[in-house]
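To start, the structure itself, in structure tokens.
The values are calculated or read from the model by the stated rules, or taken from the named source; none is laboratory data. A quick note: this is a predicted structure, and the numbers were derived from the prediction, not measured. Here Cβ is always computed from backbone atoms with ideal geometry, including for glycine, and neighbour counts include all displayed protein chains.
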Amino acid sequence: MSFTLQVHDGIADIGRDAWDACAAPTGDPFVCYDFLHACEASGSAVPSQGWAARHLSLHDEDGAVIGVMPLYLKGHSQGEYVFDHSWADAYQRAGGRYYPKLLGAVPFTPATGPRFLVKPVTPESLQGLSGAAQDANGGALGGPGSALRSGRDDAIREALLQGALTLVERLGVSSLHVNFPTEPEWRAMTEAGLLPRRDIQFIWRNDGYQTFDDFLAALSSNRRKTIRRERREAQAGLDIRVLTGAEITEAHWDAFFDFYMDTGDRKWGRPYLTRDFFARVGATMADRIALVMAFRDETPIAGALNFIGRDALYGRQWGALEEVPFLHFELCYYQAIDFAIARGLSRVEAGAQGEHKIARGYLPSPVYSAHWIADPALRDPVARYLDNERPAVEAEMAAMTTDLSPYRAR
């Protein structure tokens, strides 16, 4: 079996059916067609904003799509949550050109998930798998990715990685960055010669809890009291609702967009997502959304947006037009835990950064990225930097887990 690879400047060129045949089996809401298409069609992740799609599709000898990879030509490093600005600055001061670069990731979404999406096949389709991958023009796909494991699915992932690396060379760009891959993907890319990077996020894990009180019982006495007090103060005088599916209306999205814009204006100055993005995911993904809204006298004053995966709840944006003590914790963390317990989900991933999450039961967990830098003049110092960074990150994560954990010793 031989592969051919195609490069697309929009996910619509591949189509929902072909893309989701590869993405849907993962259960990840962010790599599905509807989410990525909403990013592009809404004007949020488009060339004028520094996001030019270069998605890859891999085809079998019959022309069927058997693998895809979300890939973007980036004109900056904004909206990525894996920070390489110092690398760009150093390279550009030395006379290099860091941008554009290639990015394998989901726009504006610091959530771990698959980056090499493979269409499942029947056992008989596994027969006769051999041969090197080719691009759409018949050229062999070379590069440092040959160490990926054997097997049909790994061969597809390897071909996608090789295609991305070849695209770096053909476009003459500085680098390829794959952000927030799964740990097995990260290890495979490390074996393939990409530079590994590790960072920290804070994740709540469901230890078989049946109620929120079960979760509280696992905490120290002081933390239980504090969380109960925070919830009482946050909820006082408010009506807090978790909306999903048909319960979410355009009026809710109007209110939430106001919250989102206010938070963006105050905290980081450049909100990435347009109002049309929320309309699109509301229309196509409502059953995979949990929108937490706080109302005062039927007027919405704050909200938190979550996406529902197969086994996880992913916290994304939040905002408020009224300052209420502890409301951020209530909407973003405690309501998310309540929802995850009720749905039997194994974890809540509450997004990037935030050591304050530890006291609310969200413990440090590793997240990953992998980097291929074409120019040895930049690759070598970045490799040394990452060699020094990794043990520091591991030590920080161990110290936070030991010293700050709110859970009772067992």
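Could you tell me whether any residue of region 65-81 is touching a residue at least 40 places away in the same chain (Cβ under 8 Å), part of a helix (DSSP H, G or I) and over 16 Å from the mean Cα position of the chain (by Cα)? There is no residue in region 65-81 that is touching a residue at least 40 places away in the same chain (Cβ under 8 Å), part of a helix (DSSP H, G or I) and over 16 Å from the mean Cα position of the chain (by Cα). Within the span defined as region 217-224, one or more residues are over 22 Å from the mean Cα position of the chain (by Cα), under 20 Å from R343 (Cα atoms) and not assigned by TED's automatic domain parsing to the domain that holds W87.
Within region 370-410, being crowded, with 16+ Cβ neighbours inside 10 Å, in contact with a helix residue (DSSP H, G or I) (Cβ under 9 Å, 6 or more places away or on another chain) and either within 24 Å of C332 (Cβ to Cβ) or free of Cβ contacts under 8 Å to residues at least 40 places away in the same chain (or both) holds for M400, S405, P406. Test T190 against the criterion of being part of a helix (DSSP H, G or I), crowded, with 17+ Cβ neighbours inside 10 Å and hydroxyl-bearing (S, T, Y), and give yes or no. So T190 does not fit the description; no. Considering (1) touching a Lys or Arg at 6+ places or on another chain (Cβ under 6 Å); (2) among the polar types (S, T, N, Q); (3) more than 17 Å from R97 (Cα to Cα), the lone condition that S175 does not fulfil carries the number (3). Taking region 2-43 as the range and being touching a Lys or Arg at 6+ places or on another chain (Cβ under 9 Å) and free of Cβ contacts under 8 Å to residues at least 24 places away in the same chain as the test, only Y33 passes.
Is it fair to say E322 is outside any loop (DSSP other than H, G, I, E, B), acidic (D, E) and touching a strand residue (DSSP E or B) at 6+ places or on another chain (Cβ under 9 Å)? So E322 does not fit the description; no. Here D311 clears all of (1) within 20 Å of the chain's Cα centre (by Cα); (2) surrounded by 23 or more Cβ atoms within 10 Å (Cβ to Cβ); (3) farther than 16 Å from F259 by Cα; (4) not basic (K, R) except the condition numbered (2).
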